[in-house]
Amino acid sequence: MFRKSTALSFFTAILLGATHVSGQPSAADKAVADKLFDEGRALLDQNRVPEACLKFAESDRYDPSVGTRLNLGECHERQGMTASAYGHFGDAARLARERGDKSREAVAEERRQALEKKLSRIRITAPSGMAGLEVLLDGKVLGAAVFGTALPVDPGSHVVEARAPGRTGFHAEKVVSAGPATVEVVIPELAAVAPAAGKDVAEAPKPQWSQLRGVGFATGIAGVVGLGVGVGFGAAALQKNVASKEKCEAGDPTRCTTEGYSLRNAAGFSADVASVLMGIGGGVLAAGVVMFVVGGNEEPAAQAERAWITPVVGRGSFGVSAGMEF
């Protein structure tokens with residue numbers, strides 16, 4: 001089949017000399033289309049049908065032509081894709097009619113009519129009056145006008161789905177054999193979706209902590225922090241005590257170097273701080289636990305963003321500073 005018509009009218013010849021019109025294929029696009037078309041024909045002659053179909057489809061994308069669409073129809077017909085071939089022959093006939101190519105219009109119509117007797121079809125029936133009903137064939141949404149019409153499809157597996165707001169979905173996979181054959185798909189009335197058990201409970205607002213419980217939680221955190229700091233001072237006291245013994249005479253802890261006395265005093269101070277912090281931390285933690293348990297969930301609580309216990313050391317004295325931020 002020739003891709004281009006050899007018959008050119010005088011009017012067409014004049015147009016060829018005109019400036020390129022926006023939206024029409026450029027000369028470069030036509031060159032690419034011609035090359036792809038020639039490769040498609042060569043592949044088709046070698047019976048390499050799938051590869052030939054891809055060449056023709058790409059050629060048509062660059063420059064739609066009657067010849068390309070006729071070859072696409074032939075290509076898909078060889079693959080057994082009767083509905084696709086039927087569509088391409090129809091496209092070729094319409095394009096030939098627009099271009100005044102009566103001879104190839106007749107060829108395309110003849111091929112199309114011959115295929116019509118071999119088509120595989122699927123007819124979908126859907127309930128009327130169902131609000132928001134959406135029916136899909138192979139993922140494509142169908143308009144209501146196609147319901148009850150035997151739609152041409154390529155032989156093989158096809159998926160029919162239906163959905164509507166507040167209703168259960170419908171899904172069916174149908175295998176349509178090579179034609180002539182028609183498969184019927186009846187979509188039932190979609191059942192309303194029942195509310196999920198326990199939905200009300202799940203959607204109920206979660207109870208919030210009371211103010212007392214929030215304070216108790218923050219207080220407990222402060223107590224844990226205090227215990228942690230106290231443990232740290234205790235570990236430091238043990239290390240300093242061991243280090244001080246190395247600076248004293250064996251068997252006589254009273255006879256030490258100046259550094260030994262300093263380390264021993266520092267160890268005692270750290271031990272005292274550790275005792276105080278651990279005592280306070282334990283008490284604060286216990287108080288926090290009591291407030292948390294007693295507090296309940298009566299009203300929203302402000303959650304503590306930060307809680308702390310910090311040792312305060314001065315000349316000849318020491319203590320702790322504790323607090324919370326809401």
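For region 223-250, the tally of residues that are closer than 30 Å to residue 293 by Cα, over 43 Å from the mean Cα position of the chain (by Cα), open to solvent by less than 70 Å² (accessible area, probe 1.4 Å) and aliphatic (A, V, I, L, M) stands at 2.
Name the single residue, out of those in region 103-124 being under 42 Å from the mean Cα position of the chain (by Cα) and among the basic types (Lys, Arg), that is modelled with the lowest pLDDT. The selected residue is 118.
For first residues located in region 231-249 and among the acidic types (Asp, Glu), partners that are at pLDDT below 80 and open to solvent by less than 60 Å² (accessible area, probe 1.4 Å) and lie 6+ apart or on another chain with Cβ distances below 9 Å form the pairs 246/260; 246/263; 249/256. Does region 60-72 contain any residue that is of a type in the set (A, V, I, L, M), farther than 23 Å from residue 117 by Cβ and at pLDDT 90 or above? Yes; the residues of region 60-72 include at least one that is of a type in the set (A, V, I, L, M), farther than 23 Å from residue 117 by Cβ and at pLDDT 90 or above. Figure legend. Inter-residue proximity from region 137-151: first residues within 13 Å of residue 127 (Cα to Cα) and open to solvent by 60 Å² or more (accessible area, probe 1.4 Å), second residues in a loop (DSSP other than H, G, I, E, B) and of a type in the set (Val, Ile, Thr), beta-carbon distance below 8 Å, spacing 6+ or different chains. No pairs are indicated. Only one residue in 159, 185 is without any contact (Cβ under 8 Å) to a residue 24 or more places away in the chain, open to solvent by less than 40 Å² (accessible area, probe 1.4 Å) and either over 30 Å from residue 116 (Cβ atoms) or part of a strand (DSSP E or B) (or both). Which one? Step by step, each of 159, 185 is checked, and only 159 is without any contact (Cβ under 8 Å) to a residue 24 or more places away in the chain, open to solvent by less than 40 Å² (accessible area, probe 1.4 Å) and either over 30 Å from residue 116 (Cβ atoms) or part of a strand (DSSP E or B) (or both). Contact annotation: residue pairs with Cβ atoms under 7 Å, 6 or more positions apart or on different chains, pairing a residue in region 31-58 that is over 14 Å from residue 70 (Cα atoms) with a partner that is open to solvent by less than 60 Å² (accessible area, probe 1.4 Å) and charged (D, E, K, R), are 33/63; 34/3. Applying the set (1) touching a helix residue (DSSP H, G or I) at 6+ places or on another chain (Cβ under 9 Å); (2) at pLDDT 90 or above to residue 179 leaves exactly one unmet item: (2). In summary, residue 172 fulfils each of the numbered conditions (1) in a strand (DSSP E or B); (2) more than 30 Å from residue 87 (Cβ to Cβ); (3) modelled with pLDDT of 75 or more with the single exception of condition (2).
Here's the yes/no breakdown for (1) buried (at least 20 other Cβ atoms within 10 Å of the Cβ); (2) closer than 26 Å to residue 120 by Cα; (3) touching an Asp or Glu at 6+ places or on another chain (Cβ under 8 Å):
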| position | (1), (2), (3) |
| --- | --- |
| 58 | no, no, no |
| 75 | yes, yes, no |
| 78 | no, yes, no |
| 85 | yes, yes, yes |
| 100 | no, no, no |
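Mind checking whether some residue in region 19-37 is at pLDDT below 90 and of a type in the set (Val, Ile, Thr)? Yes - at least one qualifying residue is present in region 19-37.
When we screen 114, 131, 126, 96 for residues that are of a type outside the set (S, T, N, Q), open to solvent by 50 Å² or more (accessible area, probe 1.4 Å) and touching a residue at least 24 places away in the same chain (Cβ under 8 Å), the only hit is 131.
The values are calculated or read from the model by the stated rules, or taken from the named source; none is laboratory data. Because the structure is predicted, anything quoted here is derived from the model rather than measured. Positions of Cβ are generated from backbone atoms using ideal geometry, with glycine treated the same way; all protein chains shown enter the neighbour counts. Surface areas here come from the heavy atoms of the whole protein model, side chains and all, with no ligands, DNA or RNA. Shrake-Rupley method; radii C 1.70, N 1.55, O 1.52, S 1.80 Å.
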